């Protein structure tokens, strides 16, 4: 991992009345996987989605949120993969974190081991594990005048995934249900994942905010479906490990962040731990 990190991409992706939606994306290069985190800025407060992976990016994300000069009401954590919650300990220990109960339990039981398992990252890691304290329950709620729809999605890119929709703005926080312009982190649940994305294609949402890469529209949702179909076919034909990786890289040379293969292949085909 390089000592010098590339600058993040920061943008306002949607504005409607008093509400602005911001996206913060870390580096696409040098072995990084373009983690995307987001802010819903309303008249009086901020709601954040996910906390970044590496401590330097988490601190930059917090600095950007603080520059908006409004209190952070809460941070929603989408799921248990460490590239979404490691940064909480570096920059958001004072923020109320909401998550699904299954995500809370996983971090409580495995958080310290997961952090230790990534020791090779050295000073790029937070020294602290933050366990979410508030349960995010599926349903509708209003925060500072903004309507949110929370949903619990199971058996896709991860076992339990929290999504958020802003129906009045047509914005959907897909996080790791969608990878925008990057290679996907694949699991054995490709069929279920495809069906969830197909539902998004016929939804009323128009802007999709991913967990990796830049904001996207339904064209990228369709491209993710095609990618998953190709992966399912390759696995069905017996490709594993390096052969599987080579097939996907050749099939999708335009997609960035190939380092993600080295993260998930030992888990998908080798039974490595889910840390």
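The values are calculated or read from the model by the stated rules, or taken from the named source; none is laboratory data. Every value quoted in this text rests on a predicted model; they were computed, and no experiment measured them. No Cβ is skipped: glycine too gets one built from the backbone with ideal geometry, and neighbour counts run over all protein chains shown.
Looking at residue 227 and the list (1) touching a helix residue (DSSP H, G or I) at 6+ places or on another chain (Cβ under 7 Å); (2) within 30 Å of residue 169 (Cα to Cα); (3) not in a loop (DSSP other than H, G, I, E, B), which single condition is not satisfied?
Just one mismatch for residue 227, condition (1).
Output the residues belonging to region 199-208 that are surrounded by 16 or more Cβ atoms within 10 Å (Cβ to Cβ) and in a helix (DSSP H, G or I). Quick ask: steps written out before the conclusion?
First pass over region 199-208, keeping only residues surrounded by 16 or more Cβ atoms within 10 Å (Cβ to Cβ): 200, 205, 207-208.
The answer is 200, and nothing else.
Could you pull out the residue among 106, 61, 24, 28 that is at pLDDT below 95 and under 17 Å from the mean Cα position of the chain (by Cα)?
Values: 106 fails: at pLDDT below 95; 61 fails: at pLDDT below 95; 24 fails: at pLDDT below 95.
Sole residue among the options that is at pLDDT below 95 and under 17 Å from the mean Cα position of the chain (by Cα): 28.
Consider region 209-222. How many of its residues are touching a strand residue (DSSP E or B) at 6+ places or on another chain (Cβ under 9 Å) and either without any contact (Cβ under 8 Å) to a residue 60 or more places away in the chain or in a loop (DSSP other than H, G, I, E, B) (or both)?
So the count comes out to 7.
Here's a check for you: in region 157-198, which residue that is surrounded by fewer than 19 Cβ atoms within 10 Å (Cβ to Cβ) and within 30 Å of residue 18 (Cβ to Cβ) is farthest from the chain's Cα centre (by Cα)?
The residue in question is 168.
Return the residues of region 247-265 that are surrounded by 13 or more Cβ atoms within 10 Å (Cβ to Cβ) and assigned to a helix (DSSP H, G or I); say none if nothing qualifies.
247, 248, 249, 251, 260, 261, 263, 264, 265
Which of the residues belonging to region 84-130 are farther than 21 Å from residue 151 by Cα, in a helix (DSSP H, G or I) and without any contact (Cβ under 8 Å) to a residue 60 or more places away in the chain?
To start, the set of residues in region 84-130 that are farther than 21 Å from residue 151 by Cα comprises 86-95, 108-130.
Subsequent filtering for residues that are in a helix (DSSP H, G or I) retains 88-91, 108-117, 119-124.
Scanning region 84-130 gives 88, 89, 90, 91, 108, 109, 111, 112, 115, 116, 119.
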